[in-house]
Every structure is written in C-alpha cells, then in structure tokens.
1. Could you list all residues from segment 106-132 that are among the polar types (S, T, N, Q) and over 14 Å from L31 (Cβ atoms)?
2. Considering each of G26, G32 in turn, give the residue that is crowded, with 22+ Cβ neighbours inside 10 Å, closer than 14 Å to D136 by Cβ and modelled with pLDDT of 95 or more.
3. Is it true that some residue in segment 90-104 is part of a loop (DSSP other than H, G, I, E, B), of a type in the set (A, V, I, L, M) and over 23 Å from I131 (Cβ atoms)?
4. Among the residues of segment 109-135, count how many are crowded, with 17+ Cβ neighbours inside 10 Å and either closer than 23 Å to K47 by Cα or within 12 Å of the chain's Cα centre (by Cα) (or both).
5. Within segment 55-78, which residues are in contact with a Phe, Trp or Tyr (Cβ under 6 Å, 6 or more places away or on another chain), outside any loop (DSSP other than H, G, I, E, B) and buried (at least 20 other Cβ atoms within 10 Å of the Cβ)?
6. What is the residue count in segment 11-32 for residues that are in a strand (DSSP E or B) and either within 21 Å of K48 (Cβ to Cβ) or touching an Asp or Glu at 6+ places or on another chain (Cβ under 9 Å) (or both)?
Amino acid sequence: MKAVIQRVTEAELKVDGELISKIGKGYVIFLGVGKGDNEEQADYLIKKIPPLRIFEDENGKINKSIKDVQGEILLVSQFTLYANASHGNRPDFLQAETPDKANELYLYVAEGLKAAGVTVKTGVFGADMKIKQVNDGPFTILL
C-alpha cells in the first residue's frame, strides 16, 4: 500500500463538473493499493497518519499533527501509484490490486481514519476526478 500525503491549505474534488468533496487545511492523500495488500498494511497507515507531525507550531517548528490543527483529509484512490514504466513508453498497472479489493481497502482506510478522530472526505472510486489543491509548503511525504 502506498500513500502520497500532501499538506494543503484547501482542496476540492469534482466528478463531471459536480463538486464531490471540499476541505480546508489538511492533507490530500493519494492512496494506492497493491496486489496482496491487506488490512495489516491499511492499519499501519491508519495508525501512522493521524499523529504525523507536519504542521508548524507557534514557533514555526514542524511539530503539530492534523488533529492538533483540526485539519481534514481528502482521501483519493490512486491505482496509478503502482505504475511500472520500466519497459517501453506505456506504463502497466499489473501490480495494482483488483478494483473490488482496492475499493474495500480504500474504504477501510477512510473509516479507520475517521474512527481515529480525523474528518475524512473521499473521492469517487474509479471515476475521472478533477482535483484542485493549494499545496502548503509544498510538503509531501511518501508512506
């Protein structure tokens, strides 16, 4: 399982021109589920993300978590994180999990983060999503 976490001041996600989700300060997380991933990998992310300290405190030190700043998460399924472009010019996605299993784990992560006390908004699994975000920093972490 792969997660790209980007700190943002705001973000919105649309499908077919319709606003689906919008957040203020927080994270946009692109979540990729690979073949063989299971709840154990998902639980690691659920445990790791809420206390991750990548927001500045009053002294300008990176010392606050998303919960500390009452931030939100926009969680976006992103199978292309498993792209393999090592051969030829067209990437394959053979290492990405099947849609049914990937969606199950994507929703599991969303619910787990909510249960950890973070506001989570989602995209539309499998849809052609348009995302606008204002990166803060930019500050991007790969888990």
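1. If the condition is that a residue be among the polar types (S, T, N, Q) and over 14 Å from L31 (Cβ atoms), then T119 is the only one that fits.
2. Only one candidate passes the filter, namely G26.
3. Checking segment 90-104: at least one residue is part of a loop (DSSP other than H, G, I, E, B), of a type in the set (A, V, I, L, M) and over 23 Å from I131 (Cβ atoms).
4. 9
5. Residues satisfying the conditions are I73, V76, S77.
6. Residues in segment 11-32 being in a strand (DSSP E or B) and either within 21 Å of K48 (Cβ to Cβ) or touching an Asp or Glu at 6+ places or on another chain (Cβ under 9 Å) (or both): 14 in total.
The values are calculated or read from the model by the stated rules, or taken from the named source; none is laboratory data. For clarity, every value in this text was computed on a predicted model and none was experimentally measured. Cβ coordinates were reconstructed from backbone atoms using ideal geometry, including for glycine residues, and neighbour counts include every protein chain displayed.
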